[in-house]
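Input: a single structure, listed below in structure tokens.
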Amino acid sequence: MSKINHHLTDEMLLSYSAGSLAEAFSLVVATHVSMCDECRARLDAFDAVGGSVLNDCGEAVVGADSLDATLARITAGEDRLPARKTKADAVFPAPLAEYVDGDLDAVKWTRVGGGVRQAILPTSKGATVRLLHIPAGTAVPDHGHNGAEMTLVLKGAFRDEFDRFGPGDVEVANEDLHHTPVAEEGEDCICLAATDAPLRFNAILPRIAQRFVRI
Amino acid sequence: MVADTGESDWVAVMRRIRDDRDQEAFADLFRYYAPRVKAYLMRGGANESLAEECMQEAMATVWRKVELFDPSRASVTTWIFTIARNRRIDVIRKERRPEPEDLPWGPEAEPDQEDVVALQQESERLAEALGSLPEKQRLLIEQAYFGDLSHSEIAAKTGLPLGTIKSRIRLALDRLRHAMK
């Protein structure tokens, strides 16, 4: 894995740790954290805040038979759950593989124009997450949306006027960013992108400035 | 086990559950954490019976995942929080919860004891630091961690503009970090 230069924001990590982030964005966070030890450590710190909050939130009365009922659940179910690990040589880290039900070769792509393909993954309403396959040297299709966008590179790389995003890098786009990302030559770029408003590809229009809002 | 059991003691309890499938050790853990997990779920909007059900499922998950607990990365309290949070999303919000891949510690690769002690002590200091925050900041952090309060919902509840909320949470976390130095 090459060095990761673009990380998750504190706001993202806090919302994910608190459990208030939409499922689509949570999938991008979980996938990035699977690839990035630095953000995993930062997430651990936010979770530790959650632990302190749990410890201080008071005590509810539990049922008299509550412990026995819980032991019965344990006996009735699986005894020990195995670790969820990313398969060797897989492009998709474990959390993403669970949503795709497989690796890159299991994705059911749909064409969106300009050689670009997408696959929208099933998540709860309110935000959408999709895989994007952008051929090497091709511009990411112009699209308009009204909300936030978070894009994680899984394979290949893309560049815009300002920066380069390689495997593991995550771009959290804000409303000030107007850019034209292009997949690098040499290798197709596979990305995981979450948006919190319906995303409209503008295949016909040459270029529309993208509008972003930071979460 | 009593209420002032330290984080390191809970690590030892977890080892007994992991290595010996010790139901007495689990009962100790349950008596301390079950009422807190249930309170957390009720503060997050669950009614009593759903919170009880969800708490039992969370505590059963603690048993099932005990081999995945890494005391060099989390205190027992923090780890149980993550399980309770995921159960809340699953059962109460009825959504899937994407989680990073597991980094388990196995019998052949026990974490370094020094790392474990350091992490457990840091967790206790973080809890103390959180407790000594000004009331307003502590409240905001609690609101963020209980229930489905987004930043904008926090703003709506307190009547504060969103930018202020974000900077307050960031300020609170900065203070926490400094308090831990």
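The values are calculated or read from the model by the stated rules, or taken from the named source; none is laboratory data. The structure presented is a predicted model; accordingly, all values stated were derived computationally and were not measured. For neighbour counting, all protein chains shown are included, and Cβ atoms are generated from backbone atoms with ideal geometry for every residue, glycine included.
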Item to check | Qualifying positions in segment A:46-70 - outside any helix (DSSP H, G or I) and either in contact (Cβ under 8 Å) with a residue 12 or more places away in the chain or small (Gly, Ala, Ser) (or both) | outcome: A:Gly58, A:Ala60, A:Gly63, A:Ala64
Checklist entry - When you scan segment A:23-44, how many residues do you find that are more than 27 Å from A:Lys125 (Cβ to Cβ) and at the interface with chain B (Cβ under 8 Å from one of its Cβ atoms)? => result 2
Next on the checklist: Among the residues that make up segment B:93-105, is at least one of them out of contact with any His (no Cβ under 8 Å at 6 or more places or on another chain), acidic (Asp, Glu) and more than 7 Å from chain A (Cβ to nearest Cβ)?
Outcome noted: no
Checklist entry - Out of A:Ser52, A:Ser20, which single residue is closer than 30 Å to A:Leu132 by Cα and either within 8 Å of another protein chain (Cβ to nearest Cβ) or crowded, with 22+ Cβ neighbours inside 10 Å (or both)? => result A:Ser20
Next on the checklist: Any residue at all in segment A:1-11 that's part of a helix (DSSP H, G or I) and surrounded by 20 or more Cβ atoms within 10 Å (Cβ to Cβ)?
Outcome noted: no
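Let's see how each residue does on (1) among the acidic types (Asp, Glu); (2) under 32 Å from the mean Cα position of the chain (by Cα):
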position	(1), (2)
A:Cys36	no, yes
A:Val53	no, yes
A:Asp65	yes, no
A:Leu71	no, no
A:Gly77	no, yes
Next on the checklist: So for segment B:92-103 (the condition being buried (at least 18 other Cβ atoms within 10 Å of the Cβ) and farther than 29 Å from A:Pro122 by Cα), does at least one residue qualify?
Outcome noted: no
Checklist entry - Does segment A:86-98 contain at least one residue that is under 19 Å from B:Ala25 (Cα atoms), surrounded by fewer than 19 Cβ atoms within 10 Å (Cβ to Cβ) and basic (Lys, Arg)? => result no
Item to check | Qualifying positions in segment A:21-45 - more than 14 Å from A:Leu152 (Cβ to Cβ) and either of a type in the set (D, E, K, R) or in a helix (DSSP H, G or I) (or both) | outcome: A:Glu23, A:Asp37, A:Glu38, A:Arg40, A:Ala41, A:Arg42, A:Leu43, A:Asp44, A:Ala45
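Go over the candidates B:Ser132, B:Ser150 one by one and state the one that is surrounded by fewer than 21 Cβ atoms within 10 Å (Cβ to Cβ), within 28 Å of A:Ala41 (Cβ to Cβ) and modelled with pLDDT under 80.
Checking each option against the conditions leaves just B:Ser150.
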Checklist entry - Give me the pairs: first residue in segment A:1-30 and farther than 27 Å from A:Ala88 by Cα, second residue surrounded by 22 or more Cβ atoms within 10 Å (Cβ to Cβ) and of a type in the set (Lys, Arg), beta-carbon distance under 9 Å, and six or more apart or on different chains, which are they? => result A:Ser17/B:Arg85; A:Ala18/B:Arg85; A:Gly19/B:Arg85; A:Gly19/B:Arg88
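Being assigned to a helix (DSSP H, G or I) and under 18 Å from B:Leu29 (Cβ atoms) is true for just one of A:Arg73, A:Arg80. Which residue is that?
A:Arg73
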Next on the checklist: I'd like to check something: does segment A:105-123 contain any residue that is surrounded by 15 or more Cβ atoms within 10 Å (Cβ to Cβ), within 17 Å of A:Val29 (Cα to Cα) and of a type in the set (A, V, I, L, M, F, W, C)?
Outcome noted: yes
Item to check | Single residue of B:Ser72, B:Ser8 found to be polar (S, T, N, Q), assigned to a helix (DSSP H, G or I) and modelled with pLDDT under 95 | outcome: B:Ser8
Checklist entry - If you take the residues in segment B:25-51 that are more than 9 Å from chain A (Cβ to nearest Cβ) and outside any helix (DSSP H, G or I), which one is surrounded by the most Cβ atoms within 10 Å (Cβ to Cβ)? => result B:Ala46
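Criterion first (at pLDDT below 95, within 15 Å of A:Val172 (Cβ to Cβ) and polar (S, T, N, Q)) does A:Ser15 satisfy it?
Considered against the rule, which asks whether it is at pLDDT below 95, within 15 Å of A:Val172 (Cβ to Cβ) and polar (S, T, N, Q), A:Ser15 comes out as yes.
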Checklist outcome for this item: Log entry, pairs with first residue in segment A:85-112 being away from every other protein chain (no Cβ under 14 Å), second being among the small types (Gly, Ala, Ser), beta carbons closer than 9 Å, six or more apart or on different chains, reads A:Leu104/A:Ala90; A:Ala106/A:Ala97; A:Val107/A:Ala119; A:Lys108/A:Ala119; A:Trp109/A:Ala119; A:Thr110/A:Ala119; A:Val112/A:Ala203
Checklist entry - What is the one condition in (1) touching a Lys or Arg at 6+ places or on another chain (Cβ under 8 Å); (2) of a type outside the set (S, T, N, Q); (3) part of a strand (DSSP E or B); (4) within 13 Å of chain B (Cβ to nearest Cβ) that A:Leu152 does not satisfy? => result (1)
Checklist entry - Does A:Arg80 fit the bill of being out of contact with any Ser or Thr (no Cβ under 6 Å at 6 or more places or on another chain) and either of a type in the set (S, T, N, Q) or surrounded by 14 or more Cβ atoms within 10 Å (Cβ to Cβ) (or both)? => result no
